[in-house]
1. Choose one answer from Ala93, Ala131, Ala49: the residue with the largest mean-square fluctuation in a GNM of the chain with alpha-carbon springs under 10 Å.
2. If each residue of separation counts as 0.36 nm, what is the full-extension length gain between Ser52 and Ser169 once their alpha-carbon separation is subtracted?
3. Going by alpha carbons, how many degrees (0 to 90, nearest 10) lie between the helix axis of 92-104 and the longest principal axis of the chain?
4. How big is the antiparallel share of DSSP beta bridges in the chain, given as a percent to the nearest 5?
5. Roughly how many debye, to the nearest 20, is the charge dipole of the chain about its Cα centre, given +1 on each Lys and Arg Cβ, -1 on each Asp and Glu Cβ, and no other charges?
6. Quick one: how many Å² of Glu121 are accessible to a 1.4 Å probe, rounded to 10?
7. Using a/c under 1.5 as the rounded threshold, could you call the chain rounded, prolate or oblate? The axes a ≥ b ≥ c are square roots of the C-alpha gyration tensor eigenvalues, and prolate needs a/b larger than b/c, oblate otherwise.
8. Excluding same-chain pairs closer than 8 in sequence, count the lysine pairs in region 148-241 whose Cα atoms lie under 23 Å apart.
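The values are calculated or read from the model by the stated rules, or taken from the named source; none is laboratory data. This structure is a prediction, so every number in the text was calculated from the model and none was measured. Cβ placement follows ideal geometry from the backbone for every residue including glycine, while neighbour counts extend to all protein chains displayed. When the accessible area is computed, the model is the full protein with side chains, heavy atoms only, and any ligands, DNA or RNA have been set aside. Shrake-Rupley method; radii C 1.70, N 1.55, O 1.52, S 1.80 Å.
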Amino acid sequence: MAANCPTSNERVFGSATVLELAMGCADTRPAEEEWLALGAGTSKGLDFAPNSVSSDADDTGGWVENIITNADATISFDGEVRKHDKLDQFGYANLFTYFVDELNAKRQPNLWARISIGPLEFSGYMVITNATPADGGSNDIITFSVEFKVSDGTTVRLTNLDAPALTFSTDLPATKTVATGSALSMTVAVNGGVEPYTYVWKKAGSVVSGQTTATFNKASAVAGDAGAYTCEVTDSDDVPVTITSTSCTVTVS
């Protein structure tokens, strides 16, 4: 006998095809909780669309030579919704309303967008360059197509989601002895995570001013430099990861 299981006719599946959007300005990358899926996707694409110029000079052989001058990166996304947007999504209705409101206010319809293609995640502050809704008719499904192009090139980021975790490849030793008047130098090295990295050196838990690179360096050590030092390294992921080195006890003799 067949089971009489509850069903829902309001679901639209597309969780594997995701375009995430976030409101905000170009100077502040959204927090992770601010990113919301646009809706159920049926297809997505990323085209870097590089522009090039060719050299007609034949000074290196028989090949025409090219250089890339810029790239017109474009995110494209096709999706569908049934009846209403889900409350946990950015939503088709919100996007198209925002688009019209911004144009009426004589502003650019900019917002943050990110999309994953395989292990790569592309994100940046972008502008809506195509917004096409269509009524699905009797099935009460609304289909739509949207396109985004880069608005602020300084915000573009390509992240390898399969990149190894941020770890120390060179850590601090547990102890270090330096003679008074000699240089005090300590170095860490990291790999993994998302570059660039930021470095914060601390002595007894307090930040040491002026030491912001992978190498701590003081030209002439004094007795007051003795103490326990650590280095905190933070990557540039959307949700930054911070790791702390081994504590190194420095003795100045």
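1. Ala49
2. Length gained between Ser52 and Ser169: 38.2 nm.
3. Between the helix axis and the principal axis of the chain, the angle is about 80 degrees.
4. Details: 71 of 75 bridges.
For the chain, the DSSP antiparallel bridge percentage is about 95.
5. On the way: 15 positive and 31 negative charges, 200 e Å.
Charge dipole of the chain: 960 debye, to the nearest 20.
6. Per-residue accessible area (Glu121): approximately 20 Å².
7. Numbers: a/c = 2.76, a/b = 1.77, b/c = 1.56.
Here the chain falls in the prolate category.
8. Details: Lys176/Lys202; Lys176/Lys203; Lys176/Lys218; Lys202/Lys218; Lys203/Lys218.
Close lysine pairs found across region 148-241: 5.
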